[in-house]
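The values are calculated or read from the model by the stated rules, or taken from the named source; none is laboratory data. These numbers come from a predicted model, not from an experiment. Every residue, glycine among them, receives a Cβ derived from its backbone with ideal geometry; neighbour counts consider all protein chains shown. In case anyone asks, the SASA skips ligands and DNA or RNA and just uses the protein heavy atoms, side chains included. Shrake-Rupley method; radii C 1.70, N 1.55, O 1.52, S 1.80 Å.
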Amino acid sequence: MSEAAAMIIELEKGFPETVARITQLAAKSGNSLETIHGGEIYDTLHCLGDTRQLATHIDFIANLPGVERVWRISSSYKNISKVVSDENKQKVSRAKRPVEVTGKDGKVRKFGAGKHIFVVGPDSVQTREQTTIQAKRIADIGDRLGVRDRIIFRAGAYKPRTRPTDFRGLGLEAIDILDEVRETTGLPYITEIMDHTLAEILAPRVDMFQIGTRNAQDFKLLEAVGRHGKPVVLKRGFGNDATEWFNAAEYIAIQGNLDIVLCERGVKTMFCKDGYNRYTPDFNVIRHAQEKTILPVVFDPSHAAGDDRLVAENFLASLAYRADGTLTEVIHNEEFRSEQQCDARQALHLDLFEKLVEATLEWEQRIAPLQAHIEGYFDARKAGK
Ligand code: PEP
Ligand code: MN
């Protein structure tokens, strides 16, 4: 057996004693269990965390009544890996695992369930007025276009800045404003956490965390967010390869939190120096991440761009790459641009954002079926059909 093989158990429905026995064993080994209710016959028990100790009981578990199969995971990022091996070393693909965020409006936003999720808002909370105007207009767009259940508000309270003298966010004052805006609009919100010691304070308040590119390998932060069990958008470190990114997600998952959404936001390349390219968007990594992990994968068209025109172009391109959503920075009027303290040039006017939502809906209706046909050809070829 590989060193820290994680475990997935496929179980026939109707064996509560077996579930109780496995739950007991898992708890004793320090693992939690997540049950994914599958089809009519089977459920899947996903043993989370470091399962080395639990794995010593694998034969016992495999022989419990109702247990159909026990899978072990072979990749280095075991908790989030899509491909697992069964006891005969046959490769099996786990289903994608949607991540849900519920708003005060009672609507559930589901990343990775087939519909594009729009994460949108200003780079940061600067004033109550600016934040409220934006959130209300975003909620209106959601209502007008019938996609409220696909919209999540996002704004920074704690800002990672290259220069220590730049605006670094309003901190808890911004969190108060975001809480208010959630009450008035019903939209859930995402905000960045940079410091693991703040997890305890922020987790009960925010709907979803963001871990930014600079902290993508802050292992204490990843673990803290994992322990607090809040959904999280994990950006790719701009110097990280895909496997490092997946392993960063594994740091969260191994603490028992699988509510992770991966976000590609551009990487640093030798082509960033010419000035047309703040970072280089790695569109190709989207499908790779979707094939290697069970996590939803979204794309940030803003931070790679550096200017708003490119944001719109990047956004549209990400539809072709079948991202599960986007994370876009916006502005409510041109006058505010000179007052915006961070990422002003890349902020997309909300009127244009609305057009991009319309374009997404058109894409889903008209192009996505053709795209599925094209993809089907490649999938069938891969499966040897
Ligand atoms: C942001 O989302 O405002 C941000 C700072 O993003 P990144 O971590 O990708 O630079
Ligand atoms: Mn920003």
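Of note:
- Computed magnitude of the charge dipole of region 230-383 (debye, nearest 20; Cβ of K, R +1, Cβ of D, E -1): 520 debye
- Using a cutoff of 8 angstrom between alpha carbon atoms and counting only pairs six or more residues apart, the relative contact order for region 248-385 works out to 18 percent.
- Antiparallel DSSP beta bridges within the chain, percent to nearest 5: 50 percent
- When only the Cβ of Lys, Arg, Asp and Glu is charged (+1, +1, -1, -1), the dipole of the chain relative to its Cα centre reaches about 760 debye.
- Kirkwood-type radius of the chain, with distances r between different C-alpha atoms, in Å: 21.8 Å
- Highest-first packing order for the peptide set 206-213, 332-339 is 206-213, 332-339, based on the mean count of other beta carbon atoms within 10 Å.
- Taking the chain as a Gaussian network of alpha-carbon nodes connected by springs under 10 Å, the highest mean-square fluctuation of the residues 46, 373, 228 belongs to 373.
- When the helices of the chain are scored as -39500 (n - 2.57) per DSSP H run of n ≥ 4 and the total is divided over every residue, the value at 222 nm lands at -10000 deg cm²/dmol.
- Highest to lowest packing among 283-290, 158-165, 298-305, scored as the average C-beta count within 10 Å: 298-305, 283-290, 158-165
- Dipole-positive endmost among 111, 344, 139 within the chain (Cβ charges, Cα centre): 111
- Relative contact order computed over region 149-287 (Cα-Cα under 8 Å; 6+ residues apart), in percent: 16 percent
- Looking at the chain, the accessible area is 45 square angstrom per residue; that uses a 1.4 Å probe and ignores ligands, DNA and RNA.
- Formal net charge of residues neighbouring residue 14 (Cβ-Cβ distance under 15 Å; K, R +1; D, E -1): -4
- In region 207-278, the ratio of gyration radius to Kirkwood radius, Rg to Rh, stands at 1.04 when only Cα atoms are counted.
- Using the average count of surrounding beta-carbon atoms within 10 Å as a protection proxy, the listed peptides 259-271, 318-330 rank, highest first, as 318-330, 259-271.
- GNM flexibility winner over the chain from 282, 59, 123 (Cα, springs under 10 Å): 59
- Taking N as its residue count, the alpha carbon Rg of region 229-385 over 2.2 N^0.38 Å: 1.13
- Legend: distances between Cα atoms for 91/292; 13/292; 136/230; 78/230; 13/78; pairs beyond 18 Å are 13/292; 136/230; 78/230; 13/78.
- 3J(HN,Hα) couplings calculated from phi for region 127-142 with the Karplus curve 6.51 cos²θ - 1.76 cosθ + 1.60 (θ = phi - 60°) are, in sequence order, 9, 4, 4, 4, 5, 5, 4, 5, 4, 5, 5, 5, 4, 4, 4, x Hz; Gly and Pro show x.
- Point-charge dipole on Cβ atoms (K/R +1, D/E -1) for region 92-181, about Cα centre, debye to 20: 600 debye
- Pairwise centroid distance, computed over Cα atoms, of region 104-164 with region 1-73, Å: 38 Å
- Here the accessible area of region 298-385 is 55 percent carbon and sulfur, with a 1.4 angstrom probe and all protein chains present.
- Under a Gaussian network description of the chain, with springs only between Cα atoms under 10 Å, the residue in 55, 253, 155 that fluctuates furthest is 55.
- The chain: relative contact order in percent, alpha carbon pairs under 8 Å with at least 6 residues between: 14 percent
- Amide hydrogen neighbours beyond the local backbone of residue 210, cut-off 5 Å, H modeled: 191, 192, 193, 233
- Phi angles of region 239-245 translate, via the Karplus equation with coefficients 6.51, -1.76, 1.60 and θ = phi - 60°, into HN-Hα couplings of x, 9, 7, 4, 5, 4, 4 Hz per residue; Gly and Pro are given as x.
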